[in-house]
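Quick note: the coordinates plus some simple rules give every number you see, no bench work behind them. Since this is a predicted model, take the numbers as computed values, not measurements. In this analysis, Cβ positions are derived from the backbone assuming ideal geometry, glycine residues included, and neighbour counts consider all displayed protein chains.
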Amino acid sequence: MIDDLTHTALAVTKDTVLRILNDIGLLLELKGENPFKSRAYYQAARALEKESGDIADLVATGAISSIKSIGPAIAKKLTELVTTGRLDYYEQLKASIPPGCIEMLKAPGLGPKKIHILCNVLGIATLSELERACRENRLLDLPGFGQKTQEKILAGIEQVKSYRDRYLFASVAGRAEELTGFLRVQEGVTAVETAGSLRRLCETVKDIDVVAASAAPEILADAFAAMPSVAQVTAKGATKVSVRLSSGIAADLRIVSPGQFPYALHHFTGSKDHNTALRGRAKRMGFKLNEYGLFEGERLIHCSTEEELFGALGLCFIPPELREAMGEIEAAEGSAIPDLIDMKDVKGLLHVHTDMSDGSDSLERIVSAARAMGLSYIGIADHSISAAYAGGLSEEAVKRQHALIDEIMARHPSPHIFKGIEAEILADGSLDFSDDILETFDFVIAAVHSHFSMSAEAMTNRILTALDNPLTAILAHPTGRLLLARKPYAVDIDRVIDRAVEHSVAIELNANPLRLDLDWRQIRQALGKGALIAINPDSHRAADLKDIRFGLNIARKGWMTPKHCLNCLDVKEIGDVFSRKRNRRRKS
């Protein structure tokens, strides 16, 4: 989504350039410019995405101008952006469009062409004006609109309002690291940590909370307020500073003495219910617990770390991500907090797309990236034939890909490449390749990508039918949600989990930071039923393989251990799992 660049010089990454090229195309559509003009920027973004070189090197050497679909005008703009950290054309284009029109893009059912009509025909410039126009039925006579479109837009507006002022974990974590890195080197600082929902690894957050211990709190408060990334100081005192960053997100800094740090860090990390429960436990033990310390009467019980604080309350350490008042205190009392899954436990990654469908990188490049990560195996799973929107593979394309995999494996046996497919679950629950073709793959991922508006009963039966197919090894992104963009489709997840367990189908935890689907609460539910979870990056670029870290965050919040995870199996073990699937089909 369209975002602001800071007005100071910065190092521009390739991802930033790609985002800005796509933003420009979108903004031009919003202005109603010639479609060819906006299309040029979209094509430039797609062409640049396929380039493996560093963006700064491409600009410095002039190679940017030789990339197909990047003409002289766009190359000049990219040079300005990369060398100065900003692009005047982009800034002017954003300034020419009412912010409300950009916000409308977040509403399902509204694209730039429709928004252009709304702005120019009805003079609508804000989301609230659009809502009023819908309720007054003023959209019905517009070309390309109608009753159903108006109802869909109204529902989308309600969705946007419910998501307002929330941010994806992945978009905030880097900014939080920059803040804590800045604070750690300031005079008098002895400790700094993020807190709040960000430290609990929640999938979305409202703001950034930071706790710092300092012997010079006023100096630290001044330094924090004066950071280049701060757009506005909203409150400032000796122990708390609240700011809004240039990216739009709010950040709060709490400054405490070094002796208060573990108590404050715990207090500002836990959910409200977790903190209430722990204070209740302390009270029953004759203590008082708050952000300033753990007290027995007036006496402070000295704890130099959070571990010591939990120990003083008769508990083993509770990892921050579990502090949600969902049984973690009871488990800690019996030293039953599990050894949570970590990246070191992951042996390989599945659900990886290449440029043979809608990915942007070649199979060779992806395998090379997997090798660099130290993975034992990689599972390629491009889209299947009915996914025309994503370049789904035909039967002939499948044969070509399998031959290429065999050829690469002959040259480089490690990491092992498993042949997979992301098969479409059609409306009736069947998969879009015949079983004879599906049997040529090592593993089959079944996925819903269409007909999201089905009733809960119809969608559930659709998915259950796909799970009944003996070749289905993994159910992809099982609820279809897109964080802050699309709610889950209606489905009885209990029945889906039960059927997956019955047929030994792994349920995916999609690690794409826009999905993180299965939800961590449902992961605990699935684990309780004996389900196996596959943490998959659903990567479309080699760099996206590292999105596995976001999936691991959610897995840990769901109390997952390595024994619950399909891709913690070694290459032989997971190969045996896939073989049993194919053998089951032959016997059925």
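Observations on the structure shown:
- Compactness relative to 2.2 N^0.38 Å, alpha carbon Rg of the stretch 158-200: 1.53
- DSSP-defined beta bridges in the chain - what % are antiparallel, rounded to 5: 45
- Across the stretch 168-333, counting alpha-carbon atoms alone, Rg and Dmax equal 16.1, 47 Å.
- Of all DSSP beta bridges confined to the stretch 387-499, the antiparallel ones make up roughly 20%.
- Ellipticity at 222 nm from helices only: DSSP H runs of n ≥ 4 in the chain, each -39500 (n - 2.57), divided by the residue count, give -13000 deg cm²/dmol.
- Averaging Cα coordinates gives a centre for the stretch 390-458 and one for the stretch 156-176; these two points are 32 Å apart.
- Relative packing of peptides 329-339, 68-78 - highest average C-beta neighbours within 10 Å first: 68-78, 329-339
- Placing +1 on the Cβ of every Lys and Arg and -1 on the Cβ of every Asp and Glu, with no other charges, gives the stretch 449-570 a dipole of roughly 460 debye about its Cα centre.
- With a cut-off of 14 Å between beta carbons, the residues surrounding Thr194 carry a summed charge of -1, where Lys and Arg count +1 and Asp and Glu -1.
- Interchain or long-range residues, amide H under 5 Å from Ile535's placed H: Leu509, Leu566, Asn567
- Within the stretch 343-587, percent of DSSP bridges classed antiparallel, to nearest 5: 10
- Pairs of Cα atoms nearer than 8 Å and 6+ residues apart set the relative contact order; for the chain it is 10 percent.
- Global form of the stretch 1-97, assessed from the alpha-carbon gyration tensor, a/c cut-off 1.5: oblate
- Equivalent-ellipsoid semi-axes of the stretch 100-164, from the Cα gyration tensor, Å, largest first: 16, 13, 11
- Among the listed pairs Lys37/Lys76; Lys399/Lys529; Lys77/Lys113, those whose Cα-Cα separation exceeds 27 Å are Lys399/Lys529.
- Only Lys, Arg, Asp and Glu carry charge here, each on its Cβ (+1 for the first two, -1 for the last two); on that basis the chain has a dipole of about 560 debye about its Cα centre.
- Karplus-based coupling profile of the stretch 172-183, in residue order and whole Hz: 10, 4, x, 5, 5, 5, 5, 5, 5, x, 5, 5, with θ = phi - 60° in 6.51 cos²θ - 1.76 cosθ + 1.60 and x standing for Gly or Pro.
- Unpartnered cysteines - no second Cys beta carbon under 4.7 Å - across the chain: Cys101, Cys119, Cys134, Cys202, Cys303, Cys316
- Taking 20 Å as the straight-line reach from the Cα of Lys106, the lysines in range (excluding those fewer than 8 positions away in the same chain) are Lys31, Lys94, Lys114, Lys148, Lys152, Lys161, Lys206, Lys487.
- Integer Hz, Karplus 6.51/-1.76/1.60 couplings in order for the stretch 536-541, x for Gly and Pro: 10, x, 6, 7, 10, 9
- In straight-distance terms, cross-link reach from Lys347 covers every one of the aspartates and glutamates whose alpha-carbon lies under 13 Å from its own, apart from those fewer than eight places away in the same chain; here that gives Asp570, Glu573.
- The order of the peptides 225-238, 199-212 by mean Cβ neighbours within 10 Å, most packed first, is 199-212, 225-238.
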